[in-house]
């Protein structure tokens with residue numbers, strides 16, 4: 001007879017860490033509703049939320065003039081100043 005326990009997938013990290021939170025009653029209710037709708041655990045919801053926050057933080061979205069100025073600076077960078085050249089030389093002397 002097959003073992004009723006399932007093995008953890010190889011690529012899945014074991015859940016050994018713990019976080020305790022104090023939240024308002026309304027936050028608890030919202031989290032519980034999200035758990036019911038998605039089938040995710042509170043920990044999985046927290047992980048997904050944190051992942052989305054970091055993804056948004058790491059992504060830069062430019063539109064209109066900001067985008068045009070950025071792309072122009074990338075395509076046509078200014079010549080390095082004397083101070084920048086000196087700083088790079090010093091960095092190479094110190095760190096190789």
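Take region 18-55 and flag every residue that is in a helix (DSSP H, G or I) and exposed (fewer than 11 other Cβ atoms within 10 Å of the Cβ). Can you show your working first?
Going residue by residue through region 18-55, those that are in a helix (DSSP H, G or I) are 25-38, 42-55.
The answer is 25, 26, 33, 36, 37, 50, 51, 52, 53, 54, 55.
Residues 15, 7: which one is modelled with pLDDT under 95, part of a loop (DSSP other than H, G, I, E, B) and over 20 Å from the mean Cα position of the chain (by Cα)? Step through it out loud before you land on a result.
On the way: 15 fails: over 20 Å from the mean Cα position of the chain (by Cα).
Selected residue: 7, the only one of 15, 7 that is modelled with pLDDT under 95, part of a loop (DSSP other than H, G, I, E, B) and over 20 Å from the mean Cα position of the chain (by Cα).
Which residues, taken from region 60-76, are modelled with pLDDT under 95 and not in a helix (DSSP H, G or I)?
60, 61, 62, 63
The values are calculated or read from the model by the stated rules, or taken from the named source; none is laboratory data. It should be emphasised that the depicted structure is a prediction, and the values quoted were computed from it without experimental measurement. Backbone-built Cβ (ideal geometry, glycine too); neighbour counts: all protein chains shown.
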